[in-house]
1. Among the residues of segment 1-19 satisfying the criterion of being polar (S, T, N, Q) and assigned to a strand (DSSP E or B), which is nearest to K335 (Cα to Cα)?
2. One residue is enough: does segment 40-56 have a residue meeting the conditions crowded, with 24+ Cβ neighbours inside 10 Å, out of contact with any Asp or Glu (no Cβ under 6 Å at 6 or more places or on another chain) and within 17 Å of G167 (Cα to Cα)?
3. How many residues does segment 20-36 hold that are touching a residue at least 24 places away in the same chain (Cβ under 8 Å) and either in contact with a helix residue (DSSP H, G or I) (Cβ under 7 Å, 6 or more places away or on another chain) or outside any helix (DSSP H, G or I) (or both)?
4. Looking only at segment 245-266, count how many residues are of a type in the set (G, A, S) and open to solvent by less than 10 Å² (accessible area, probe 1.4 Å).
5. Consider segment 174-193. How many of its residues are under 21 Å from D110 (Cα atoms) and either open to solvent by 40 Å² or more (accessible area, probe 1.4 Å) or in contact with a Cys (Cβ under 7 Å, 6 or more places away or on another chain) (or both)?
6. So K48 fits all but one of (1) over 27 Å from I137 (Cβ atoms); (2) at pLDDT 95 or above; what number is the exception?
Amino acid sequence: MYTSKISGLGKYVPENVITNDDLSKLMDTNDAWIQERTGIKERRHIKKGDGNSTSVMGVKAAKIAIERASLANDDIDLIIFATLSPDMYFPGGGVRIQDMMNMKTIPALDVRNQCSGFVYALSVGDQFIKTGMYKHILIIGSENHSGGLDMSTRGRSVSVIFGDGAGAVVLSRNEEEDGRGVLSTHLHSEGAHAKELSLEGPSTEHWVPEIIEENAKDNIPYYPYMNGQFVFKNAVVRFSEVINEGLEANKLTASDIDMLIPHQANLRISQFVQKQFRLSDDKVYNNIQRYGNTTAASIPIALTEAWEEGKIKEGDLVVLAAFGSGFTWGSAIIKW
Ligand code: ACO
């Protein structure tokens, strides 16, 4: 059996910065409320006409990751694309990326696991490398949230949290027997809570005739819904469980962690988890203050930045952990 390792990383965020004060001009909110509840100071939003879309941002991040892996597009054997905000209802964004990058007719797989999307995608990629089926896999998380948020006061408890952006990694077969790479991944779901953080329409349950009916507008299944406090309570429990599961599977303890990269859901959730594992500030990476919650893109963006800033070094134990809509959650334990 082979081991997979991350051979290249990249990120892209739109230039358009939206501060909390900018949001307060659109809805009844304020900087103090947003910072106190979420830690977020600003986020990036695609600007109409700037040429970005979920897939376009994914391509921009992917190009950097492939270059840093010292590979060419033709070296990639599989694309795995995680997003909850695809350009189109179908087909998925993976095939658009294959086209935009002029890649061979390699397979493109879309992952629909929201905030856990990147960890799920990494786990799927890891299995393909382990079995020897593929050698280099492009894994992308990208989100265009701003295109689908309710930017009025009605949507404020959700809209202030989310931002746009993309992150990508190349997962490659580790040709050396040096013990480095993905040690294990751990995935879970609990669909009983699917509606607690969801966007119901457009879907086959809420389709076009309903959307165009005048009186359907007030039902708003076309904007995301989030039961914030319920999500928060579940998140802190599941984050801890799945990190512990990963550590135990590898006979490790929290003191072995060199860098924890939690999905950037809410700074308060990350701080809670940090406290539970008694990790010092330099062992937990957070950038939600600058980007908001970018869902499937948040871990690869944070991982890329942590690496660019020299905070992840060869041999480090890096732990990725995510929780989100579904509910789904997961972790990955990586020897860098
Ligand atoms: N600005 C100002 N006031 C607001 C805003 C806003 N943006 N949003 C809600 N409020 C008001 C509410 O209307 C309410 O007012 P009321 O007391 O007069 O009724 C008050 O603030 C408190 O609202 P709550 O929803 O109870 O606030 P809470 O402290 O729970 O914070 C939050 C809300 C930030 C969403 C929190 O529940 C949370 O972080 N939950 C976790 C969910 C999460 O992290 N989601 C991220 C995406 S999911 C994921 O990635 C895991």
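1. Going through the qualifying residues, I end up with S4.
2. Yes: segment 40-56 contains one or more residues that are crowded, with 24+ Cβ neighbours inside 10 Å, out of contact with any Asp or Glu (no Cβ under 6 Å at 6 or more places or on another chain) and within 17 Å of G167 (Cα to Cα).
3. Counting residues in segment 20-36 that are touching a residue at least 24 places away in the same chain (Cβ under 8 Å) and either in contact with a helix residue (DSSP H, G or I) (Cβ under 7 Å, 6 or more places away or on another chain) or outside any helix (DSSP H, G or I) (or both) gives 6.
4. Looking only at that region, the number is 1.
5. Counting residues in segment 174-193 that are under 21 Å from D110 (Cα atoms) and either open to solvent by 40 Å² or more (accessible area, probe 1.4 Å) or in contact with a Cys (Cβ under 7 Å, 6 or more places away or on another chain) (or both) gives 5.
6. Unmet condition: (2).
Residue by residue, here is whether (1) within 13 Å of the ligand (Cβ to nearest atom); (2) closer than 30 Å to Y89 by Cα holds:
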position	(1), (2)
M226	yes, yes
V231	yes, yes
L247	no, no
V273	yes, no
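Let's see how each residue does on (1) under 23 Å from F232 (Cβ atoms); (2) more than 13 Å from the ligand (Cβ to nearest atom); (3) out of contact with any His (no Cβ under 7 Å at 6 or more places or on another chain):
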| position | (1), (2), (3) |
| --- | --- |
| D281 | yes, yes, yes |
| V284 | yes, yes, yes |
| I288 | yes, no, yes |
| T294 | yes, no, yes |
| A297 | yes, no, yes |
| E314 | no, yes, yes |
| F327 | yes, no, no |
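The values are calculated or read from the model by the stated rules, or taken from the named source; none is laboratory data. Please read these numbers as outputs of a predicted model, since none were measured by experiment. Cβ coordinates were reconstructed from backbone atoms using ideal geometry, including for glycine residues, and neighbour counts include every protein chain displayed. Note: accessible area is taken over every heavy atom of the protein model, side chains too, but ligands, DNA and RNA are not part of it. Shrake-Rupley method; radii C 1.70, N 1.55, O 1.52, S 1.80 Å.
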